[in-house]
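Beneath this line is the structure, given in structure tokens, with notes to follow.
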Amino acid sequence: MNRTVAYLGPAGTFTHEATRAFIQDDDLELVEYPSIPDVLDAVDAGECQYGVVPVENAIEGSVAITLDWLIHQVDVLIVGELVYPIAQCLLVHPLQAKNPPAAWTRILSHPQAVAQCRLYLRKHLPDADVAFADSTAEAARQVKNRFDEPWVAIGTRTAGELYGLQVLAEDVQDHPNNFTRFIVVGKQPLSQRAKDPEMHKTSLLVTLPSDYPGALHQVLSAFAWRQLNLCRIESRPTKKGLGSYHFFIDVEKEWDPVLLAGAVAEIEALGCHVRRLGSFPCYRLLKGEKSAVR
């Protein structure tokens, strides 16, 4: 298998920054892909050894396309997690930088980035139209190429530097504690990190046999009486009809053959289907840190 890591590109996205902060193996080459499904497909097909994609944002919640692709389209494991600080910037072409606020006609970015800055944009750029791009870096590239247009991109400071744009304003997200949770997917564990993780998690996908009273309660009880802490539970539609759901469950524990295996066996005895999505180390990068793993 190729010694490469796929990430949501182009260069300059938050995923690119998070990948550089997490992957410290000089033998692994970073390769950009234009969409989250492309990243996951590349790992599933063996084109890349690992892939990095966003899965949840503190302001806007889960990234649905990541969850759905993991469920329905690929067979890969989650092998690592990084919580990364997100600082959104307004990026403009230097030739347009002296425009008054009313002159800006278009705001470009990824839908998640726009949503994270919704209140700021309503207050400061109320007359500008919003257009979506596949990534924040792609938005920056479009602004660079349309130097004759009064357009604004929302993205990273890194993207501004890469594409020769000027930072009009920074930290424009609506809430200061803006973090995104990125996952590393692959088909084998990551190499040993130099820094101890904050915790280990095991991620499970549980599908109930049918919608009957107390079904989810019985599933959760299998963890509760074993004193296994759940740090996340989220439903996604099975796409088989209204009211039919998969449940993502993250347990704050590394996989073990006693407690977790026993909980899964109990849940399966209820008639549920359980898929292990991975057991993995979790890291957090604080603002100003260069790497979460060294």
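The values are calculated or read from the model by the stated rules, or taken from the named source; none is laboratory data. Computed from a predicted model, the values in this text were never measured in an experiment. Every residue, glycine among them, receives a Cβ derived from its backbone with ideal geometry; neighbour counts consider all protein chains shown.
A few notes on this one:
- Taking the conditions (1) acidic (Asp, Glu); (2) free of Cβ contacts under 8 Å to residues at least 60 places away in the same chain; (3) outside any helix (DSSP H, G or I) in turn, GLU234 satisfies each one other than (2).
- Matching residues in the range 191-221 - criterion: being touching a residue at least 24 places away in the same chain (Cβ under 8 Å) and either part of a helix (DSSP H, G or I) or within 20 Å of THR66 (Cα to Cα) (or both): LYS201, THR202, SER203, LEU204, LEU205, VAL206, THR207, ALA215, LEU216, GLN218, VAL219
- Pairs where the first residue, in the range 97-108, is in contact (Cβ under 8 Å) with a residue 60 or more places away in the chain and the second is not hydroxyl-bearing (Ser, Thr, Tyr), C-beta under 7 Å, 6+ apart: ALA97/GLN166; ALA97/LEU168
- Among the residues of the range 256-281, those identified as in contact (Cβ under 8 Å) with a residue 40 or more places away in the chain and not in a helix (DSSP H, G or I) are LEU270, GLY271, CYS272, HIS273, VAL274, ARG275, ARG276, LEU277, GLY278, SER279, PHE280, PRO281.
- Which listed residue is on the phi > 0 side of the Ramachandran plot and either modelled with pLDDT of 95 or more or not hydroxyl-bearing (Ser, Thr, Tyr) (or both), from GLY243, GLY262: GLY243
- Residue ID - farthest from ILE107 (Cα to Cα), chosen from residues in the range 158-195 that are buried (at least 22 other Cβ atoms within 10 Å of the Cβ) and aromatic (Phe, Trp, Tyr): PHE182
- So TRP151, is it in the same structural domain as PRO100 (by TED's automatic domain parsing) and over 28 Å from GLU47 (Cβ atoms): yes
- Some residue of the range 138-152 being among the β-branched types (Val, Ile, Thr), assigned to a strand (DSSP E or B) and under 15 Å from the mean Cα position of the chain (by Cα): no
- Here LEU91 does not fit the description of being modelled with pLDDT of 95 or more, buried (at least 18 other Cβ atoms within 10 Å of the Cβ) and outside any strand (DSSP E or B).
- Cβ-Cβ under 7 Å pairs, at least 6 apart or on other chains, the range 237-251 side farther than 24 Å from LYS201 by Cβ and in contact (Cβ under 8 Å) with a residue 12 or more places away in the chain, far side acidic (Asp, Glu) and in a loop (DSSP other than H, G, I, E, B): GLY243/ASP211
- Residue match in the range 52-65 (condition: over 22 Å from CYS117 (Cβ atoms), surrounded by fewer than 19 Cβ atoms within 10 Å (Cβ to Cβ) and not assigned by TED's automatic domain parsing to the domain that holds VAL114): no
- For beta carbons closer than 9 Å, sequence separation of 6+ or different chains, a first residue in the range 128-145 that is closer than 12 Å to ARG106 by Cα and a second that is of a type in the set (A, V, I, L, M, F, W, C) and in a loop (DSSP other than H, G, I, E, B), the qualifying pairs are ALA128/TRP104; ALA139/ALA133; GLN142/ALA133; VAL143/LEU165.
- Considering residues of the range 43-80 that are of a type in the set (A, V, I, L, M) and part of a helix (DSSP H, G or I) only, the residue nearest to THR238 (Cα to Cα): ILE71
- Of all the criteria given as (1) buried (at least 18 other Cβ atoms within 10 Å of the Cβ); (2) at pLDDT 95 or above, the one not satisfied by ALA45 is (1).
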